[in-house]
2 protein chains.
Amino acid sequence: MSPKITTELLKQLRQVMKSPKYVQEPVQAYIVPSGDAHQSEYIAPCDCRRAFISGFDGSAGTAIVTEQHAAMWTDGRYFLQAAHQMDNNWTLMKMGLKDTPTQEDWLVSVLPEGSKVGVDPFIIPADQWKRMSKALRSAGHDLVPVKENLIDTIWTDCPQRPCKPLITLDLSYTGVSWRDKIVALRSKMAERKVLWFVVTALDEVAWLFNLRGSDVEYNPVFFAYAVIGMNTIRLFIDGDRMMDPAVREHLQLDSTLEPEFKIQVMPYGSILSELQAVAAGLSSKEKVWLSDKASYALTEAIPKAYRYLTPYTPICIAKAVKNASETEGMRRAHIKDAVALCELFNWLEKEVVPKGTVTEIIAADKAEEFRSQQKDFVELSFATISSTGPNGAIIHYKPVPETNRTLSVNEIYLLDSGAQYKDGTTDVTRTMHFGTPSAYEKECFTYVLKGHIAVSAAIFPNGTKGHLLDSFARSALWDCGLDYLHGTGHGVGSFLNVHEGPCGISYKTFADEPLEAGMIVSDEPGYYEDGSFGIRIENVVLVIPTETKYNFKNRGSLTFEPLTLVPIQTKMIDVNLLTQKECNWVNDYHQKCREVIGAELERQGRHEALRWLIRETEPLIRVQ
Amino acid sequence: MSPKITTELLKQLRQVMKSPKYVQEPVQAYIVPSGDAHQSEYIAPCDCRRAFISGFDGSAGTAIVTEQHAAMWTDGRYFLQAAHQMDNNWTLMKMGLKDTPTQEDWLVSVLPEGSKVGVDPFIIPADQWKRMSKALRSAGHDLVPVKENLIDTIWTDCPQRPCKPLITLDLSYTGVSWRDKIVALRSKMAERKVLWFVVTALDEVAWLFNLRGSDVEYNPVFFAYAVIGMNTIRLFIDGDRMMDPAVREHLQLDSTLEPEFKIQVMPYGSILSELQAVAAGLSSKEKVWLSDKASYALTEAIPKAYRYLTPYTPICIAKAVKNASETEGMRRAHIKDAVALCELFNWLEKEVVPKGTVTEIIAADKAEEFRSQQKDFVELSFATISSTGPNGAIIHYKPVPETNRTLSVNEIYLLDSGAQYKDGTTDVTRTMHFGTPSAYEKECFTYVLKGHIAVSAAIFPNGTKGHLLDSFARSALWDCGLDYLHGTGHGVGSFLNVHEGPCGISYKTFADEPLEAGMIVSDEPGYYEDGSFGIRIENVVLVIPTETKYNFKNRGSLTFEPLTLVPIQTKMIDVNLLTQKECNWVNDYHQKCREVIGAELERQGRHEALRWLIRETEPLIRVQ
């Protein structure tokens, strides 16, 4: 992959940074964050402004352009990818490394005295604005909102904002009606004594109304905001999709309803003025609840005295704890997903070993083909990471023709993939060798497996935050001086975003909420050797209550149940590095794969894949 | 122990809360924090205001008194103790439990509209003031500084502030002269572009000047502040202790020195006015560096634009990383301390088993007696926790005549004790049984031991923060549904405070600094059963570099070396619950105790204790 040449674009951007047509006063620096107006992780093509200006299209990164410099902050998953995709106009700022300056510190070090730093107020989250603004002000600079997005002014062929049809989800999928979700939300609002709640995250709007969309690739969401009052519901959404009879019926738009459940549909672009109108009508002690990650523009619309900001909204927290219908849906989705992967791996073994004609892209496409044969398949849940050999070390790699390698019997193959089914979202990584792995490759794989098991089998008290489990995943690697530069797990949505808050498993102590029974996270430790190979073993796991011998302070204990049921390649395991307990875990897991997925393969008449599954789930035997 | 009767005191306090003699306007609530003007954990008797008003004398707790209520916030270490010491005028607020309100939330829930909440601005740290003030303001109340401490106005027999002689420490103890420490500090100040540094923590003043005192029991510190400029040094200290020729010589007060090393000695009470004078002389861009835990009074003396606040000062961070002289001193101190404990445990076995005449207080006194026989012994480093049976479950118990139990062959005995030697500070906990422990007691002890070993033997990359190791200490307990309600470890000073920042091992994700080679922390998991027994196994451990098989990204790895070398009672261990690796750890540890402490016992001619040591360090044998 060759880097994007950005010399001309940066020249144009630097011109508009000084142009009175777009800025009241020239800005000496312009920040291009990753997100859209909803602080989404995955964004529509029209919102890929940071990728447009820099060439780096990973899912996380912030660009800052000054008169003299262009710098990109991203995390360990993307160090290699960003270095490959950006030309030498850009400096890569490796977040998480000791000597990497923060954006604020860097700005202060390069800006001339009394500089203005511009940013689109709809794109920057309010909490980031606050931090950045404070740091800049204390160094004599100013963070200023630039109403017109400066990237858009130079992006001549910027695509249109998508506006695709909606899917309605009935109770068998969601377990709770949107009316009951509104009732629960209003009760949380009453508890906190707030009168209004502004829904800004796209997956929160989708979850609240039991609707799904396809405006953003991989995430079944649609562009919308909502403002919920104690007696009113306003949904801000564009296009004729509200004309769809199924949607009108689902939202009861044409029924005679109690007024507090009557949904007023308004144009997407009117959110700011409507919010300003709400704010104008507030009297003292009346509060409006927003996420502290809502955009600066919307947050500023509510005068400070009336704002009630929290890191996680009540919707975010309710959405994370899956109910019985959602959990059952997730189980079904993972069974179908495992069927597709058994088919794929069986097919790969047949193709790779004798023929050597399968490339990363072909393998990824084949995975999608097998998934799409399954019931209620909607789309992939993220871009498939199909990587062999050195490409596996690029943590969030996506094969493109320039980098596309052929799978072989000499290299490790890493496949991180998942799908959206109408009943659930999947995300699974398996690392395979189609020939004979080296002792070193097996050793590293086994450390990663030990970490995976340590998290998956962990028992911990109710109220424990996920970040307290992160080191369990690393301990075996640490013992040998190894590690990986990403978190261990993320929350997973139910036919929603594959990454969701408020829980996770990471060494970064973000303000995660305690793990609760019903939450669903990934467990995905890895090990990556630049230029050689990548290893990752990922299951999606459900938090479940568990019985323990004792029960200190009656707190109760939790553990994880793997929802992902795909064999872990035993060929890659150095059994002698496993304890008996770990060995039993693998055997029990494989037994469950055999039973559950075996039955489904049988039902679907996929006999060859079933034979592959049986072969791959033979018990490990540990020599004492 | 019977609770303190506080009805009359609370009545008096509520009177002065409304008295125009002390407050400009009546305050509806008054906060009595734990600390002194230096935010010390251990405080002088004159500063024990919270204990005076409530009866609860644990090391951590905040009292808030309103017209109607009196409430005490404290953490899990003190739930039982506080409940015992306070009468029913007081409500105990158990911090860390899910349903316990924060102080702010509680105040908002009980105060009448538009209330004033008073606090002594010298006692409340600036960061707490900020948080509390913001929360109260957003609920329509006001936090107000009350200049005269209201507790002092009703505390008729309040003791005098101590002003004891100083000890000077030469290079053989400190490794670095105070002049070189000032040079290093000024270079850190230059890096951050600050002109002044205000030293407010007592241990930081003591460390910086290589002086020690005894104004506060257990902590070898003295009441003082310092203000360091790029060319000036001001030391704020009272009494005639600056007349001591040794001190004058040490600080070179009478030498002709370069002006930038000339120390100006000023009265302790003049810090605020001097700081205000410094602030008045500042021009734009000139900054004053303070800890964000400095008192609100001192922080407010510097206008906001001139303040540079950090959670940890450069002195705090430098002090935490012990140099070779300090590390060697700590080793010597721990050898002497182990000798004293071998003597004690040998004596206890002889006395408890046949005679049954040893009480908790006698045992604590005997421990002090043996320690005081050692060279350079100064004092204890904290109040000895000598507790048997149910008293052991009171995590920070201190035996007093009312609670004093007799050690017996039927109960677990927990001794958490330590001393200040001129060459180092110790802190060690051992849990013993002088008869035959039950299977359940052994089981719990063994889980705690497994946690202790998991931390002590952990290998982790450079740059790892201590809180990432906390779960290792709990994993074996969690597996059986057990846990303990305190952190796993704290930083330990070098002949300084037994608890010091900026590192620690805790599930609470306070902003700890990464562990570095040379840092010293405690490793002290436990298990406590209310009404029955307490178990804790504590070593002080030194962070050291270690070699690993591989070295990811050349980061290097760290582990711990135990400085504490006191046998862990093998009688309490259920060997079958240990892995072979854990068993080897115990045997290696005991081998080292035998070699190092055995040699010292031999040298000191303590033959009976030596025989005890040999007996107690017999290798464990694990039946496969």
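The values are calculated or read from the model by the stated rules, or taken from the named source; none is laboratory data. These numbers come from a predicted model, not from an experiment. So basically every Cβ, Gly included, is an ideal-geometry build from the backbone, and we count neighbours across all protein chains shown.
Computed quantities for the displayed model
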| read-out | value |
| --- | --- |
| Output for region B:234-279, where each listed residue is in contact with a Gly (Cβ under 9 Å, 6 or more places away or on another chain) and either aromatic (Phe, Trp, Tyr) or closer than 15 Å to B:PHE197 by Cα (or both) | B:PHE236, B:GLU260, B:TYR268, B:VAL278 |
| Qualifying positions in region A:577-624 - more than 26 Å from A:CYS444 (Cβ to Cβ) and either in contact with a Cys (Cβ under 7 Å, 6 or more places away or on another chain) or small (Gly, Ala, Ser) (or both) | A:ILE597, A:GLY598, A:ALA599, A:LEU601, A:GLY605, A:ALA609 |
| Of all residues making up region A:535-550, the number that are assigned to a loop (DSSP other than H, G, I, E, B) and surrounded by fewer than 24 Cβ atoms within 10 Å (Cβ to Cβ) | 4 |
| Some residue of region B:408-420 being assigned to a loop (DSSP other than H, G, I, E, B) and under 20 Å from the mean Cα position of the chain (by Cα) | yes |
| Residues satisfying the stated conditions in region B:432-449, i.e. away from chain A (no Cβ under 14 Å), of a type outside the set (Gly, Ala, Ser) and over 29 Å from the mean Cα position of the chain (by Cα) | B:PHE434, B:THR436, B:PRO437, B:LYS442 |
| Unique residue being in contact with a Lys or Arg (Cβ under 8 Å, 6 or more places away or on another chain) and of a type in the set (D, E, K, R) when the list is B:LYS350, B:LYS319, B:LYS366, B:LYS336 | B:LYS336 |
| Restricting region B:142-160 to residues that are in a loop (DSSP other than H, G, I, E, B) and under 27 Å from the mean Cα position of the chain (by Cα), the residue that is surrounded by the fewest Cβ atoms within 10 Å (Cβ to Cβ) | B:GLN160 |
| Residues of region A:288-313 classified as buried (at least 20 other Cβ atoms within 10 Å of the Cβ), in contact (Cβ under 8 Å) with a residue 24 or more places away in the chain and touching a strand residue (DSSP E or B) at 6+ places or on another chain (Cβ under 8 Å), total | 13 |
| Members of region B:494-526 found to be within 14 Å of chain A (Cβ to nearest Cβ), crowded, with 24+ Cβ neighbours inside 10 Å and either among the aliphatic types (A, V, I, L, M) or over 17 Å from the mean Cα position of the chain (by Cα) (or both), listed by number | B:ILE505, B:LEU515, B:GLY526 |
| Residue tally, condition without any contact (Cβ under 8 Å) to a residue 60 or more places away in the chain and in contact with a helix residue (DSSP H, G or I) (Cβ under 6 Å, 6 or more places away or on another chain), over region A:418-445 | 0 |
| B:THR153, sole failed condition from (1) out of contact with any strand residue (DSSP E or B) (no Cβ under 7 Å at 6 or more places or on another chain); (2) under 22 Å from B:GLY58 (Cα atoms) | (2) |
| Sole residue being within 14 Å of chain A (Cβ to nearest Cβ) and farther than 30 Å from B:SER283 by Cβ, chosen from B:LYS94, B:LYS164, B:LYS193, B:LYS130 | B:LYS94 |
| Residue check for B:LYS553: free of Cβ contacts under 8 Å to residues at least 24 places away in the same chain and either outside any helix (DSSP H, G or I) or buried (at least 22 other Cβ atoms within 10 Å of the Cβ) (or both) | no |
| Qualifying residue in region A:442-453 (condition: within 27 Å of A:TRP207 (Cβ to Cβ) and either part of a helix (DSSP H, G or I) or not hydrophobic (A, V, I, L, M, F, W, C) (or both)) | no |
| Enumeration of residues in region B:343-384 that are of a type in the set (Asp, Glu) and out of contact with any Pro (no Cβ under 8 Å at 6 or more places or on another chain) | B:GLU343, B:GLU349, B:GLU351, B:ASP365, B:GLU368, B:GLU369, B:ASP376 |
| Residue check, A:TYR22 assigned to a loop (DSSP other than H, G, I, E, B) and either over 29 Å from the mean Cα position of the chain (by Cα) or on the phi > 0 side of the Ramachandran plot (or both) | yes |
| Residue within region B:508-516 that is of a type outside the set (D, E, K, R), modelled with pLDDT under 95 and touching a His at 6+ places or on another chain (Cβ under 7 Å) present | yes |
| Leading residue by the ranking (farthest from the other protein chains (Cβ to nearest Cβ)) among those in region B:566-583 that are crowded, with 20+ Cβ neighbours inside 10 Å and part of a helix (DSSP H, G or I) | B:MET572 |
| Qualifying residue in region A:103-126 (condition: surrounded by fewer than 18 Cβ atoms within 10 Å (Cβ to Cβ) and polar (S, T, N, Q)) | yes |
| Helices (runs of 4 or more DSSP H) wholly inside region A:161-275 that include at least 2 residues being without any contact (Cβ under 8 Å) to a residue 40 or more places away in the chain and either assigned by the TED database to the domain that holds A:ALA297 or charged (D, E, K, R) (or both) | A:178-191, A:245-250 |
| Residues located in region A:450-486, provided they are free of Cβ contacts under 8 Å to residues at least 60 places away in the same chain, touching a strand residue (DSSP E or B) at 6+ places or on another chain (Cβ under 6 Å), closer than 22 Å to B:TYR484 by Cβ and within 9 Å of chain B (Cβ to nearest Cβ) | A:LYS465, A:LEU469, A:ASP470 |
| Flag if A:VAL586 is away from chain B (no Cβ under 14 Å), surrounded by fewer than 16 Cβ atoms within 10 Å (Cβ to Cβ) and of a type in the set (Val, Ile, Thr) | no |
| Filtered residue count, region B:290-320, keeping only those that are over 21 Å from the mean Cα position of the chain (by Cα) and within 14 Å of chain A (Cβ to nearest Cβ) | 8 |
| Qualifying residues in region A:547-565 (those that are in contact with a Phe, Trp or Tyr (Cβ under 9 Å, 6 or more places away or on another chain) and among the polar types (S, T, N, Q)) - the one nearest to the other protein chains (Cβ to nearest Cβ) | A:THR548 |
| Which listed residue, of B:ALA340, B:ALA297, is part of a helix (DSSP H, G or I) and assigned by the TED database to the domain that holds B:LYS193 | B:ALA297 |
| Checklist (1) on the phi > 0 side of the Ramachandran plot; (2) more than 14 Å from chain A (Cβ to nearest Cβ) applied to B:THR429, failing item | (1) |
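A quick yes/no check of all residues on (1) aromatic (Phe, Trp, Tyr); (2) not in a strand (DSSP E or B):
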residue	(1), (2)
A:GLN15	no, yes
A:ILE53	no, yes
A:ALA82	no, yes
A:MET93	no, no
A:TRP106	yes, yes
